[in-house]
Amino acid sequence: SVTRDADADGNPIEDTSAPDGEERGMGWFPGYAIDVETGQRLNIFFGENSVYDCDNLNNLGLDADCESLNAVTNVGGDMIFNPHGEFFILPAGGLGGGVTPFNYVSGGQHFIYVTNQPYDRCAEFLDRFGSGSALRKVGPLGDVTWAGMIALPPGRQMRSYADGLIPEDVIVKLRVDNPYQVVRGTGEFNGYPTYRFVLSGKQATDLDEIAQNETLQAINVIPNPYYGFSEYEDSETENIVKISNLPAQCTVTIYSLEGKFIRKYDRNEAGDLIVGNNRAINRTQINPDLEWDLKNFLGGPIASGVYLIHVAVPGVGERTLKWFGVNRQFDAAGL
């Protein structure tokens, strides 16, 4: 096994303090794999064809220029993920020398294997691949879901081991149609995806004195001040402000600054009944806002000025708001 660090020659340093069971076969791969359906990091490992050691290629009768193959003498069999851009190497005597599968170096034949196993430093593969039994080696290969051979475009080179190998970051996305499925009969909930959460201390409680005061303080009138229009109006003939955060039952009375009565609303709201069975609630939430059209109890538009809005909430208390508005000039011809 080798470490992530490189020696003076740029080769991986032997791992002399490897954990038990990882003394052989462990190298460094500059990447990782994620299952996008679950977010689970997966085991990923690489292999290389050791036949394609550059010196060995020449011993096989190929005309391999070791200097051009990433400027290293060991293109294969060096425990480094260093594919190159050479796909075919001529025989030593040219094409007349005979072509064999060894001529197709394919970047050094560096394979990447992605499994469906949660990441655990490839513990099962390390254990079984170190065995002399062919059957033990074959067994875990059933967990490999993706495999591919990586090679560089012609003329491109990997970085040195000390510099991280990969010239630039790259993301490979592998997508397949995978319909929703549940493996039944296994686990505590028969294989169904189950999430457990707890809601504690969130239930409704009776209002104490502090909560009552906070509830009253939340009542407001918007916009304030009002300068001839608001975002609640849909046409030039509308004048609307909202008295917000009101409870279901309350009385809203509006006075002029001199104390003259302007308008009164006796509010007694109830949510709509919900149709159907197995409903979590019986009624929908009430509308917490009251719209005032800036008219008095006779239906006439109010004058610009300061107004007092008194809100009385049974069993809770009272709140008085001061509101200033500049009304638009009434234009009977525009109606």
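For the reader, a short list of remarks on this structure follows.
- Region 300-311, residues that are surrounded by fewer than 15 Cβ atoms within 10 Å (Cβ to Cβ) and in a strand (DSSP E or B): Pro301, Gly305, Val306, His310
- Taking the listed residues Leu199, Leu152, the one that is farther than 30 Å from Asn245 by Cβ and modelled with pLDDT of 80 or more is Leu152, with no other qualifying.
- When Phe297 is tested against (1) surrounded by 12 or more Cβ atoms within 10 Å (Cβ to Cβ); (2) without any contact (Cβ under 8 Å) to a residue 60 or more places away in the chain; (3) in contact with a strand residue (DSSP E or B) (Cβ under 6 Å, 6 or more places away or on another chain), exactly one condition is not met: (1).
- Region 286-316: number of residues that are within 19 Å of Gly228 (Cα to Cα) and of a type in the set (Phe, Trp, Tyr): 2
- Of the strands (runs of 3 or more DSSP E) lying entirely inside region 143-252, those carrying at least 2 residues that are open to solvent by 70 Å² or more (accessible area, probe 1.4 Å) are 144-150.
- Candidate set from region 263-294 (those that are charged (D, E, K, R), without any contact (Cβ under 8 Å) to a residue 40 or more places away in the chain and not in a loop (DSSP other than H, G, I, E, B)); member that is surrounded by the most Cβ atoms within 10 Å (Cβ to Cβ): Arg263
- If you filter region 96-138 down to residues that are assigned to a helix (DSSP H, G or I), small (Gly, Ala, Ser) and out of contact with any Phe, Trp or Tyr (no Cβ under 6 Å at 6 or more places or on another chain), you find that the one that is surrounded by the most Cβ atoms within 10 Å (Cβ to Cβ) is Gly107.
- Filtering region 236-270 to residues that are farther than 15 Å from Pro301 by Cβ and small (Gly, Ala, Ser) leaves Ser244, Ala248, Gly259, Ala270.
- If you filter region 7-56 down to residues that are surrounded by fewer than 17 Cβ atoms within 10 Å (Cβ to Cβ) and hydrophobic (A, V, I, L, M, F, W, C), you find that the one that is nearest to Ile150 (Cα to Cα) is Phe29.
The values are calculated or read from the model by the stated rules, or taken from the named source; none is laboratory data. Only a predicted model underlies this, so the values are computations on that prediction, with no experimental measurement involved. For neighbour counting, all protein chains shown are included, and Cβ atoms are generated from backbone atoms with ideal geometry for every residue, glycine included. Please note that ligands, DNA and RNA were not included when accessible areas were found on the heavy atoms of the full protein model with its side chains. Shrake-Rupley method; radii C 1.70, N 1.55, O 1.52, S 1.80 Å.
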